[in-house]
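Undergrad: Mind looking over this structure? Questions follow.
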Amino acid sequence: MMLAPTAISFVPQQVQAAENQYATQDISGFIEQIGWSAQDVAANNDLYASVMIAQAILESGYGSSALSNAPYYNLFGVKGSYNGQSVYMPTQEYLNGQWVEMNEPFRQYNSYWESFQDHANVLRSTSFATGTAHYSGVWKSQTTSFYDATNYLTGRYATDPGYAQKLNWLIETYQLTRFDTGTTQSTAWSNTTSTTTSETTTTTYSGSTSSAQSYQVASGDTLWDIANRFGTTVDALMASNGLSSETIVIGQELIV
């Protein structure tokens, strides 16, 4: 399936102008919020997390689109349904020589991790000829740096001739290559210390302390249900418990 993503049409100078519409900490916070999911998915699919994060920033308008936020988590504006889940939203379509507003179905995910995984499937599996991967030029094993990957995406994933320039600017400005190293889950988790005893786990995030609870997975539970129950997110649960997928089993103990 070939996607037709809607990239934000601005050059780097205009990117800076768009950035100034939001507080710097909001942009950084968005990056840290999605960074762990991108890093995990990219590492398991021979992709650059930095490139995937930069794409997510462009496609979601720095995380400002309603579609990219809970409960939809659609970072890349992908239409259709995902595991039977979709949400209808107004969008502009060019029909019969004019722009018209239509309600179209967009894929709805349970977490940012699912959105990144679905995007990785596109980059790994899209093919228009037997034995030929349409996006093989963005794979780590087929490139020497993320610059090769962003150049390859231009004209293939997005028709915007400045697509690579925009992605490169985001990667360099926000130092997104730190998510390519595989040595950190996300800088959102830096300054974090944990003390574990046989009974409780106390975790300190950026100077604040809270006593984490443990929860035993019951029949019918999903990470989405558990996250809602304890007022957290699926991504936070996955990060706290070192999960690389949303698969959980009955009787499993989770830190919530």
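Undergrad: Please give the net charge around LEU67, taking every other residue with its beta carbon less than 15 angstrom from that of LEU67, where Lys and Arg add +1 and Asp and Glu add -1.
TA: Combined, the nearby Lys, Arg, Asp and Glu give -2.
Undergrad: Long-range amide H contacts for THR143: which residues qualify at under 5 Å (H placed 1.01 Å from N, peptide plane, sequence gap of 5 or more or a different chain)?
TA: Amide H neighbours of THR143: none.
Undergrad: Can I ask one more? Order ILE226, ILE248 by their accessible area, 1.4 angstrom probe, all chains in place, largest first.
TA: The residues order as ILE248, ILE226, largest area first.
Undergrad: 7 Å from Cα along Cα→Cβ at both THR91 and SER64: what's the point-to-point distance in nm?
TA: Taking the two extended label points, one gets 2.0 nm.
The values are calculated or read from the model by the stated rules, or taken from the named source; none is laboratory data. As the structure is a prediction and not an experimental result, all values here were calculated from the model. All Cβ positions, even for glycine, are placed from backbone atoms using ideal geometry, and neighbour counts span all protein chains on display. Side chains are part of the model used for accessible areas, which takes the heavy atoms of the whole protein and leaves out ligands, DNA and RNA. Shrake-Rupley method; radii C 1.70, N 1.55, O 1.52, S 1.80 Å.
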